[in-house]
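Working notes, beginning with the structure itself.
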Amino acid sequence: MLEMFDLTTVVILALVAFSAGFIDAVAGGGGMLTVPALLSLGLPPHIALGTNKLSATFASSTAAFTYYRKKLFSPRFWSNAFWATLFGAILGT
């Protein structure tokens, strides 16, 4: 896939992804940067949305694991939140 894009495009995408990750960590909504960036490359909407959902899934999973390790919430709540998030993400996409 990287053969399709030149180095400048890859660097710009990396900067957009870093910025989106920072925005997600602070306030949420990093997908407002990543989805338009992916669409501007000519990716079909379903690929851009799927890529955004995949990155959001990893970000949420990492945050949940960090909260769990620091004992900031109970595993029972984690289970309920996981299923609700999974269902909402599938429905939303």
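The values are calculated or read from the model by the stated rules, or taken from the named source; none is laboratory data. Since the structure is predicted, the reported quantities are computational estimates derived from the model, not experimental observations. Glycine gets a Cβ as well: all are built from the backbone with ideal geometry, and neighbour counts include every protein chain shown.
Key figures
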{"item": "Unique residue being modelled with pLDDT of 85 or more, part of a loop (DSSP other than H, G, I, E, B) and among the small types (G, A, S) when the list is G42, G28", "result": "G42"}
{"item": "T62 being without any contact (Cβ under 8 Å) to a residue 60 or more places away in the chain and touching a Leu at 6+ places or on another chain (Cβ under 9 Å)", "result": "no"}
{"item": "Which listed residue, of A81, A63, A59, is part of a helix (DSSP H, G or I), modelled with pLDDT under 85, out of contact with any Pro (no Cβ under 7 Å at 6 or more places or on another chain) and under 18 Å from A37 (Cβ atoms)", "result": "A59"}
{"item": "The listed residue being over 17 Å from the mean Cα position of the chain (by Cα), under 28 Å from L15 (Cα atoms) and among the hydroxyl-bearing types (S, T, Y), out of S55, S40, S79", "result": "S40"}
